[in-house]
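All remarks here apply to the structure that follows.
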């Protein structure tokens, strides 16, 4: 997977990310509507929310995945929601694992977060297995979380808790 580049999103990604958000597989696994607005995608890239850390996976000059860490605020500053989407043509090729792993490492090693959480559709077995491989557990079920193709679909709430970081010993 040496051809995969993980980086911050850039303005040149607007068309790729707009396309990505409208793909059938991406929509199947999320609560997104079918049509993404390129203006909104551009705005999120050029004016990012300071509580969010977005990453893009690029292959052969094209953005093929996006993951976002959304930090909690106030008394939830120890936590973050993680979000992940991968282009239909690149699913199950390690792109999601690379993006998700980068966000988990960021949360653990740079931000010192103790609680990570996410929503995943109950029928998305591949994603559930991916998240479980990073220590996430199903902690709840949200019945009728979204409407997909005219039917209510449940989602799992998954999270991962870990102890707060400890202070490193003084260096000589």
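Any read-out appearing in this document is the output of simple, stated calculations on the displayed coordinates, not a laboratory observation. Everything quoted here is computed from the prediction, not taken from an experiment. Please note: Cβ atoms are built from the backbone with ideal geometry, for glycine as well, and neighbour counts cover all protein chains shown.
Calculate, in nm to one decimal, what residue 151 and residue 164 gain on full extension: separation in residues at 0.36 nm each, minus their alpha carbon distance.
Numbers: separation 13, 0.36 × 13 = 4.68 nm, distance 4.08 nm.
Between residue 151 and residue 164, full extension yields 0.6 nm more.
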Legend entry - residue 51-residue 142 pseudo-label distance in nm [points 7 Å out on the Cα-to-Cβ vector]: 1.5
Legend entry - Paramagnetic reach from residue 12 (point 7 Å along Cα→Cβ, amide N under 18 Å) across the stretch 55-79: 55-66
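Listed highest first by mean packing, meaning other Cβ atoms within 10 Å per residue, what order do 55-61, 161-167 come in?
Details: 55-61: 17.4, 161-167: 9.1.
Put in order of decreasing packing, that is 55-61, 161-167.
Once you sort the root eigenvalues of the Cα gyration tensor of the stretch 129-172 as a ≥ b ≥ c, which label holds: rounded (a/c under 1.5), prolate (a/b larger than b/c) or oblate (the other case)?
Prolate.
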Legend entry - Relative intensity, log₁₀ I(q)/I(0), of the chain from a Debye sum that treats every alpha carbon as a point, q = 0.17 Å⁻¹: -1.14
